[in-house]
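FYI, it's all coordinate maths here, none of it is from the lab. Owing to the predicted nature of the structure, the values given are computational and were not obtained by experimental measurement. Note that each Cβ is placed from the backbone with ideal geometry, even for glycine, and that neighbours are counted across all protein chains shown.
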Amino acid sequence: MGTTWILCANRSRARLFEVQPHTDTPSEVADFANPAGRTHERDLRSDAAGRFYGKGERNQGHAASGGEGFAEHESEKFAESLRDYLVHAHAAQRFGQLWIAAAPAFLGILRHKLTKELTHAVELEVPKDFTEQQPRDIFTHVIAERAAHARKNEGAA
């Protein structure tokens, strides 16, 4: 088992920790901020959604859906920047295993953005947001999740 990195993320912040073999004290490698991730959709939009008028007895206006919202777009851009950082670090062999603990919605975005090589490096995914926790507490929570995951897999076998 080589060096393990733990990525704790949500749509507005990500923290990256490194755990060396035979230690249980993670050290923070990087802290990423995405201020647009904290912004409400109404604050990001500069104009109202488009309108169209249908046929019928009365010409009533209907709001047209905008498809992907600005908040989702900003979250995807943040996930892509995290992916790029991880790709370069993995290519430089700075870590062997990657554990991801992320808010459930953001975890889905991350999964979609990861490259094949990074996907193979992911050893554990935890759908929880630990970005505000202390490094030691994050490690304790993630290790507990890993043990529960291992027990679940043993029972299924």
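Assign one of three labels to segment 79-125, namely rounded, prolate or oblate, based on the Cα gyration tensor with a ≥ b ≥ c the square roots of its eigenvalues; rounded applies when a/c is under 1.5, prolate when it is not and a/b is larger than b/c, and oblate otherwise.
In terms of gyration-tensor shape, prolate.
Determine ³J(HN,Hα), in whole Hz, for all residues of segment 119-136 in sequence, where each value follows from phi through the Karplus function 6.51 cos²θ - 1.76 cosθ + 1.60 and θ = phi - 60°; x replaces Gly and Pro.
After applying 6.51 cos²θ - 1.76 cosθ + 1.60, I find 4, 5, 7, 6, 9, 8, 10, 10, x, 9, 9, 10, 4, 9, 7, 6, x, 5 Hz.
Which cross-chain or sequence-distant (5 or more) residues have an amide H under 5 Å from the amide H of residue 6, H modelled 1.01 Å from N in plane?
Result for residue 6 returns 17, 18, 19, 99.
Along segment 19-27, what does the Karplus equation 6.51 cos²θ - 1.76 cosθ + 1.60 (θ = phi - 60°) give for ³J(HN,Hα), rounded to whole Hz, x for Gly and Pro?
10, 6, x, 6, 10, 10, 10, x, 10
How do 111-121, 3-13 rank on mean C-beta neighbours within 10 Å, highest first?
Packing order, densest peptide first, comes out as 3-13, 111-121.
Could you give the length gained on full extension between residue 83 and residue 123, defined as 0.36 nm per residue of separation minus the Cα-Cα distance, in nm?
Full extension of this stretch gives 12.8 nm more.
Pulled fully out, how much extra length does the chain show between residue 97 and residue 134, if you take 0.36 nm times their separation in residues and subtract their Cα-Cα distance?
Extra length available between residue 97 and residue 134 comes to 11.2 nm.
Which far-off residues, 5 or more places away or on another chain, put their amide H under 5 Å from the one on residue 115, with H placed in the peptide plane?
Correct list: empty.
Could you put 142, 87 in order, starting from the residue whose Cβ has the fewest other Cβ atoms within 10 Å?
87, 142
Magnitude of the Cβ-charge dipole of segment 64-157, K/R +1 and D/E -1, about the Cα centre, nearest 20 debye?
Charge dipole of segment 64-157: 360 debye, to the nearest 20.
Rounded to whole Hz and in sequence order, give me ³J(HN,Hα) for segment 108-113 from the Karplus expression 6.51 cos²θ - 1.76 cosθ + 1.60, θ = phi - 60°, writing x for Gly and Pro.
Result, ordered by residue: x, 5, 4, 3, 5, 8 Hz.
Around residue 125, which amide H atoms from residues at least 5 apart in sequence, or from another chain, sit under 5 Å from its own amide H, with H modelled in the peptide plane?
Those lying under 5 Å, H to H, from residue 125 are 100.
What list do you get for 80, 154, 74 if you sort them by fewest beta carbons within 10 Å?
Ordered by Cβ neighbours within 10 Å, fewest first: 154, 80, 74.
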